[in-house]
Amino acid sequence: MARRFPTGFMEAAVPEGLGFAHSRLDRLANRRGDDAFISACLAKAEARFILAAGDALMIRPGAAATALFARPEAPEIDQASDLLFLGQDIASGAPVFAAVLPTATENPEAAMADDRAIIDLRAIANQGMLPPGDLGMLAEAKALSIWHRTHRHCSRCGALSVAATGGWKRVCTACGGEHFPRTDPVVIMLAVDGDRCLLGRQPRFPPGMYSALAGFLEPGETVEDAVRREIAEEAGIACGAVRYLGSQPWPFPMSLMIGCIAEATSTHIAIDQDELEDARWFTRAEAAAMIAGTHGEGLKAPHPVAIAHWLLRRFVDDDPCQPADL
Ligand SMILES: [Zn+2]
């Protein structure tokens with residue numbers, strides 16, 4: 001009898017709690033090349049700025065927490081190496097820019113003198129300091145600003161480059177070479193053996209937490225082959241069919257997580273101890289208990305902000321052993 005394999009969880013709607021996957025901006029990508037439009041947006045009183053300092057962003061915490069500042073509220077904007085056009089706030093119509101701050105302003109104490117703070121984006125997301133709808137915009141700001149900070153020289157000739165098209169490319173001042181923002185694809189996946197799924201632990205994880213295996217997609221490799229290779233390398237499990245379930249921007253520094261599920265064709269685990277300190281098969285009931293926080297050994301699922309949580313939830317909710325319901 002045909003078996004059902006879990007279907008994607010983002011085909012109709014993005015899960016509410018999935019971090020960085022909801023944006024309040026229309027990127028207006030077709031307007032980026034219009035310098036007069038970008039200049040006019042910058043000059044508007046309602047323009048808002050996200051201040052990006054490496055991995056951290058400036059926010060005003062509290063009941064009306066925000067990462068969007070008007071120019072007079074954030075004099076640091078004048079020290080920005082680049083101002084990047086992120087798009088237009090769909091609700092208010094205000095243009096939104098990222099200000100790439102120099103290293104000198106990456107001093108949390110310097111920004112704590114008033115009601116603002118410079119906070120790591122992981123903490124902002126994990127602790128729910130801002131509405132979930134703001135995180136996609138912050139991921140765009142953070143990933144793009146990090147790219148500008150780390151790609152100031154032409155990779156063809158070594159000369160300085162300058163930002164163009166609202167910050168969506170850099171052009172070399174010597175050879176004219178054009179360079180575009182990078183996104184690094186990462187596969188993240190559950191291997192499934194009937195009623196069990198495979199989760200692993202890295203030493204840096206919080207105590208008791210197990211998560212989906214993950215690894216970078218390599219040049220010249222398909223998503224499906226990367227999924228099979230990573231599971232084989234990290235846990236010694238062979239896999240056959242692979243299905244894509246959903247994706248998540250992960251701006252640390254500029255990745256895209258590609259969530260998949262893979263049908264295991266072997267069951268004996270042999271972990272790569274450079275990558276993992278443990279990997280185990282978990283039944284659907286155990287996985288449900290980990291999500292609910294009721295697992296007998298105190299084992300935990302990843303935070304709902306991470307796509308690994310939603311892969312596990314999909315496995316729990318959609319029994320792959322049920323007959324196909326066609
Ligand atoms: Zn060059």
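Laboratory data are not the source of any read-out in this text; all were calculated from the coordinates shown. This one's a predicted model, so the numbers in the text were calculated from it and none came from an experiment. As a convention, Cβ positions derive from the backbone with ideal geometry for all residues, glycine included, and neighbour counts pool all protein chains shown.
Descriptive notes on the structure:
- Database remark: amide H of ASP82 closer than 5 angstrom to the amide H of VAL100 (H placed geometrically; neighbours at sequence offset of 5 or more, or on other chains; Pro and chain starts carry no H).
- Under-5 Å amide H pairs with LEU256, H placed in peptide plane, nonlocal only: ASP184, VAL186, TRP250
- Highest to lowest packing among 277-285, 46-54, scored as the average C-beta count within 10 Å: 46-54, 277-285
- Working from label points 7 Å from Cα in the Cα-to-Cβ sense, the TYR244 to GLU11 distance is 1.3 nm.
- Gyration tensor verdict on the range 98-241 (Cα atoms; rounded if a/c is under 1.5, prolate if a/b is larger than b/c, oblate otherwise): oblate
- Over the chain, relative contact order from alpha-carbon pairs under 8 Å, at least 6 apart, %: 21 percent
- As a calculated quantity, the FRET efficiency between ASP115 and HIS268 at R0 = 45 Å, using C-beta atoms, amounts to about 0.20.
- Calculated [θ] (222 nm, deg cm²/dmol) that DSSP helices of n ≥ 4 give over the chain, each run adding -39,500 (n - 2.57): -6500 deg cm²/dmol
- At least 24 Å along the helix axis (C-alpha) and Kyte average at least -1.0, DSSP helices within the chain: 132-150
- Stretching ALA123 away from GLN202 to a fully extended chain increases their span by 26.5 nm, per 0.36 nm per residue minus the current alpha-carbon distance.
- If R0 is taken as 45 Å, the Cβ-Cβ distance between HIS151 and ASP195 corresponds to a FRET efficiency of 0.45.
- Computed from backbone phi, the HN-Hα couplings of the range 151-158 come to 9, 7, 10, 5, 7, 8, 10, x Hz, rounded to whole numbers (Karplus: 6.51 cos²θ - 1.76 cosθ + 1.60, θ = phi - 60°; Gly and Pro given as x).
- Cα gyration tensor category, rounded, prolate or oblate, for the chain with a/c compared to 1.5: prolate
- Proportion of all alpha-carbon pairs of the range 1-69 beyond 15 Å (%): 75 percent
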